[in-house]
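Quick notes on the structure that follows.
Any read-out appearing in this document is the output of simple, stated calculations on the displayed coordinates, not a laboratory observation. No experiment lies behind these values; they were computed from the predicted model shown. Note: ideal-geometry Cβ built from the backbone for every residue, glycine included; neighbour counts use all protein chains shown.
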Amino acid sequence: MSTINDVATKAGVSNATVSRVLNNDQTLQVSPETRKKYLK
């Protein structure tokens, strides 16, 4: 099982960014392709 830290490290972004994507924060400006990558 992956942690938020694992995903953030692999994607090259902060833990907060991954958390916001996973929590479906609509105020975060992330392309649909990037959002799908994090969720995958």
Quiz item: So how far apart, in nm, are the two label points at T9 and L39 if each is 7 Å from Cα heading toward Cβ?
Solution: 2.6 nm
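Take the Cα radius of gyration of the chain and divide it by 2.2 N^0.38 Å, with N its residue count; two decimals is plenty. If you can, show how the numbers build up before the last one.
Numbers: Rg = 9.2 Å, N = 40, 2.2 N^0.38 = 8.9 Å.
In units of the globular-protein estimate, the chain measures up at 1.03.
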Quiz prompt | Helical contribution to [θ] at 222 nm, DSSP H n ≥ 4, -39,500 (n - 2.57), averaged over the chain, rounded to 500 | solution = -16000 deg cm²/dmol
